[in-house]
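One structure is given here, and the rest of the page talks about it.
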Amino acid sequence: MIDLSARADEVAPQLLGAVVRRGSVAVRLTEVEAYLGLDDPASHAHRGERGRAAVMFGAPGSIYVYVSYGIHRAGNIVCSPAGRASAVLLRAGEVVDGAADARERRGLPADRPDALLARGPGNLGRALGLDLSDNGLLLGGPDGLFGLTAPDGPAGRILVGPRIGISRAVSAPLRFWLADEPSVSGRRGVFRVGRG
């Protein structure tokens with residue numbers, strides 16, 4: 001069981017190996033990043049409860065979806081008690097159900113490996129079919145669109161390093177990924193190794 005009311009930096013490594021589902025597609029998470037709200041200058045919630053970041057101040061288990069680089073839909077799972085605004089960005093994963101739907105959404109040719117289907121937050125969002133209308137929905141909510149299944153046991157060797165693609169707090173060790181997973185989107189600056 002993953003306690004989503006904990007801070008994102010505590011929740012993030014627990015999400016590795018978990019399966020997030022949106023409709024017909026399920027992705028086993030292999031890479032995530034923690035964002036710590038008001039205390040984190042790289043977080044969308046750093047400046048308070050306004051605009052797109054308002055969802056981050058909501059209930060743990062809420063889905064926060066935003067547009068990245070003007071084209072991608074990136075997904076996050078809100079953590080911490082309501083009002084604290086931490087979230088975990090879903091960076092990469094292995095599609096474990098609905099690969100045909102994910103491949104069609106991605107427009108990925110049949111000769112490209114499945115490991116690329118959800119590699120990187122934009123690709124993961126597209127594989128899942130994330131939409132801005134998903135913003136604020138709850139995992140396991142009454143609509144049944146989103147689900148999260150915790151891993152049965154240790155996910156594997158966890159690596160920790162700096163977040164990718166940001167310009168503030170770049171050296172914070174808040175990116176977590178599973179070693180030797182082909183779906184992981186980048187492998188820069190490892191700080192420590194642990195078991196999940």
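Here is how the numbers come out for the structure above:
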read-out	value
Region 50-89, residues that are over 11 Å from Leu4 (Cβ atoms) and assigned to a strand (DSSP E or B)	Ile63, Tyr64, Val65, Tyr66, Val67, Ser68, His72, Arg73, Ala74, Gly75, Asn76, Leu89
Subset of region 133-164 (residues that are in contact (Cβ under 8 Å) with a residue 24 or more places away in the chain and open to solvent by 60 Å² or more (accessible area, probe 1.4 Å))	Leu138, Gly140, Thr149, Pro154, Arg157
Selection count, region 146-182, where residues are of a type in the set (D, E, K, R), within 16 Å of Glu31 (Cα to Cα) and not in a strand (DSSP E or B)	3
Checking Leu108 against (1) surrounded by fewer than 16 Cβ atoms within 10 Å (Cβ to Cβ); (2) over 15 Å from the mean Cα position of the chain (by Cα), the condition it does not meet	(1)
Residue list for region 1-44, filter: touching a residue at least 60 places away in the same chain (Cβ under 8 Å) and among the hydroxyl-bearing types (Ser, Thr, Tyr)	Ser5, Ser24, Thr30, Tyr35
Members of region 90-145 that are touching a Gly at 6+ places or on another chain (Cβ under 7 Å), closer than 13 Å to Arg21 by Cβ and not in a helix (DSSP H, G or I)	Leu90, Ala118, Gly129, Leu130, Leu139, Gly140, Leu145
Region 76-99 residues that are crowded, with 24+ Cβ neighbours inside 10 Å, paired with ones that are among the β-branched types (Val, Ile, Thr) and part of a loop (DSSP other than H, G, I, E, B) (beta carbon under 6 Å, 6 or more apart)	Ala92/Val184
Hits in region 34-74 (condition: at pLDDT below 75 and among the aliphatic types (A, V, I, L, M))	Ala42, Ala45, Ile71
Filter pass, Arg168 being basic (Lys, Arg) and modelled with pLDDT under 90	yes
Answer from Val11, Val32 - the residue that is assigned to a helix (DSSP H, G or I), open to solvent by less than 10 Å² (accessible area, probe 1.4 Å) and closer than 18 Å to Arg163 by Cα	Val11
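So that you can scan it fast, the table gives a plain yes or no per residue for (1) modelled with pLDDT of 90 or more; (2) under 16 Å from Leu15 (Cα atoms):
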site: Gly93; (1), (2): yes, yes
site: Val96; (1), (2): yes, yes
site: Ala115; (1), (2): yes, no
site: Thr149; (1), (2): yes, yes
site: Gly153; (1), (2): no, yes
site: Leu159; (1), (2): yes, yes
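The values are calculated or read from the model by the stated rules, or taken from the named source; none is laboratory data. Model, not experiment: these values are computed from the prediction. Cβ: placed from backbone, ideal geometry, glycine included. Neighbour counts: every protein chain shown. With ligands, DNA and RNA removed, areas are computed over all heavy atoms of the protein, side chains included. Shrake-Rupley method; radii C 1.70, N 1.55, O 1.52, S 1.80 Å.
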